[in-house]
Amino acid sequence: MTVDDLAVGLADAARRAGAREALAVVERIVSCVSTRRSGERPQRESATLDVPLLRVWSADGREGVARGPIDGLVERAMAALADQPHGALPEFRRPAMTGHLIEDRRWASLDDPARDELLEEMASPVNDVSDDVVLQSIRFEDACATRALARPGSAALVEVSTRFSATADVVDVTRSRKLTASVRSRALSSVVAMPFAGFAARRLAALASPGPALPSHVRTILTPLATASLVAALAPCFLPGAKSFLDDAALDARLLLLDDGSLPGGLFTRSVDDRGQPTGPITLLRDGRLDRRILHAREQAAAGLPGVGHDVQGTPATSNLAMGAGLRTMNAILMEKRLASVSIDDWLSLEVDFATGVARGVAHVAVLQGNAVLGHLPDVKVTMALVDVLSHVADIAVDTDRVGHIDAPALWLEGVRFAV
């Protein structure tokens, strides 16, 4: 049975069971995971998964939600009405289900020989780096999701999207050091064209040489990849009911952060959320201050705000995140300053205390003089008091990279503390 038939059948069954209104969402994900380990033939695992969600409303506006197996889904949703508060019936708007650039039609032509060729192509940059650095494993996943939304007595809205991801484990066999690199995108070309495994191999090779002394009281560069990891770590601060250091913080006025579930080609882009609300952009940080959080649908209505869809399987969540860029390129900033700096290319680990705003992590770093790299240092401990550090941003680059679901620029920061 097709997903649109499943969604229509669930919505109509809910109406027959006594629901005044209903919304059925069924997503069918067809995926294939291809893995190649060093010295072994590629292994493959394919799967098809149906992910159903059913919302029902009673005449007095109570809402029941059920997810999980389709068998008994209507009964579980109707039973969930019992303990819910009264409210208003939802208003549905018919959205545009095209134009978001989230379907790569090359997915349909992928076969096993093509997947093997892609694995080889993505792994090959590691071979030319160093005899000590080898590829331990590489994993490639391709998936196509067909998502259908239906209300009682109406045809289903159907949206098709693709997603591709790859992960490489690269090892320095002499020093027993490993790096993992990954890339994710809606477009196959964005994954295949990114030499992520080669980047990891070159970073490992650079760490093999003795590094320079770690300078003190220098500016810190967060590359777009490192900035994106920091943004991802801060995302829970923008969820409903969150309390964090951002509530009263006045950060650098140039800092802007958007959430946009309709961003063309975005990894988390959808036409509508799982509540049937069209997606769109909202501002989370404006002029360095918290502008708003993601809200439940009832909270949006009570505040008189336009409904922007953020519901994922019954829970509000952030979607694509985009940080505002600066005015000059990274290279122009480095050439102009010609100062000593420490660059964090990526985090090995990163945690943020949301109450205090202190971020602690471990990273491999590069020491620079202007745009010249003096050397690399492994496993450096990093501490940032984010209110202080983000209140005095030295510079923001115009270059942004799309890292998974986050668009991020490079940041030049003051006051970051390091320990080897």
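The translational diffusion coefficient of the chain, from Stokes-Einstein at 4 °C and 1.567 mPa s with a Kirkwood hydrodynamic radius over alpha carbon pairs, comes to 55 µm²/s.
Taking the Cα centroid of the range 222-240 and of the range 352-374, what is the distance between the two, rounded to the nearest whole Å? When both Cα centres are located, 14 Å separates them. Looking at the calculated P(r) for the range 3-207, what percent of the C-alpha pair distances fall above 21 Å? It works out to 62 percent of all Cα pairs. Remark: relative contact order (the chain) = 15 percent; criterion is Cα-Cα distance under 8 angstrom and separation of 6 or more residues.
Under the classification rounded if a/c is under 1.5, otherwise prolate if a/b is larger than b/c and oblate if not, where does the range 97-221 fall, given a ≥ b ≥ c as square roots of the Cα gyration tensor eigenvalues? Prolate is the answer for the range 97-221, as a/c is 1.5 or above and a/b outweighs b/c. How large, in Å, is the range 315-398 by the Kirkwood hydrodynamic radius built from its alpha-carbon pairs? For the range 315-398, the Kirkwood estimate is 14.9 Å. Max-minus-min Cα coordinates of the range 248-323 on each principal axis give 36, 32, 17 Å, with the largest extent listed first.
Loop-resident trypsin sites (Lys or Arg not before Pro) (DSSP state other than H, G, I, E or B) in the range 205-281 with no more than 12 further Cβ atoms inside 10 Å of their Cβ: K243. In this structure, the amide hydrogen of L284, modeled 1.01 Å from its nitrogen in the peptide plane, lies closer than 5 angstrom to those of L257, L258, D259, counting only residues at least 5 positions away or on a different chain. Calculated [222 nm] ellipticity per residue, helices only, for the chain: -5500 deg cm²/dmol; basis is -39500 (n - 2.57) per DSSP H run with n ≥ 4, divided by all residues, nearest 500. If each residue of separation counts as 0.36 nm, what is the full-extension length gain between L49 and A88 once their alpha-carbon separation is subtracted? Length gained, L49 through A88: 10.7 nm.
Once you've got the GNM for the chain with C-alpha springs shorter than 10 Å, pick whichever of F140, F164, F92 has the biggest mean-square fluctuation. So, out of F140, F164, F92, the one fluctuating most is F92. Kirkwood-type hydrodynamic radius, the range 113-162: 14.6 Å, calculated from all non-identical alpha-carbon pairs. Of V25, V365, V387, the residue with the greatest mean-square motion in the GNM of the chain, using alpha carbon springs below 10 Å, is V387. Give the angle, between 0 and 90 degrees and rounded to the nearest 10, that separates the Cα long axis of helix 224-234 from the longest principal axis of the Cα atoms of the chain. Once rounded, the angle reads 50 degrees. In terms of its alpha-carbon gyration tensor, the range 148-216 comes out prolate; a/c meets the 1.5 threshold, and the first ratio a/b outweighs b/c. Comparing I344, I102, I70 in a Gaussian network model of the chain, where Cα atoms under 10 Å apart are tied by springs, the biggest mean-square fluctuation is seen for I70.
Rounded, prolate or oblate: pick one for the range 156-303, where a ≥ b ≥ c are the square roots of the eigenvalues of its C-alpha gyration tensor, a/c under 1.5 means rounded, and failing that, prolate if a/b is larger than b/c, else oblate. Oblate is the answer for the range 156-303, as a/c is 1.5 or above yet b/c matches or exceeds a/b. For the pair the range 103-153 and the range 48-93, the centres of their Cα atoms are 36 angstrom apart.
Secondary structure note: in the chain, about 95% of the DSSP beta bridges are antiparallel.
Computed 3J(HN,Hα) for the range 161-176, one whole-Hz value per residue from the Karplus formula 6.51 cos²θ - 1.76 cosθ + 1.60 where θ = phi - 60°, is 9, 10, 8, 10, 8, 8, 9, 10, 9, 10, 10, 8, 5, 6, 10, 6, glycine and proline marked x.
A short reminder: the numbers here are calculations on the coordinates, not readings from a lab. The model shown is predicted, which means the values in this text are computed figures rather than measured ones. Because the Cβ atoms are built from the backbone with ideal geometry, glycine has one as well, and the counts that use them run over all protein chains shown.
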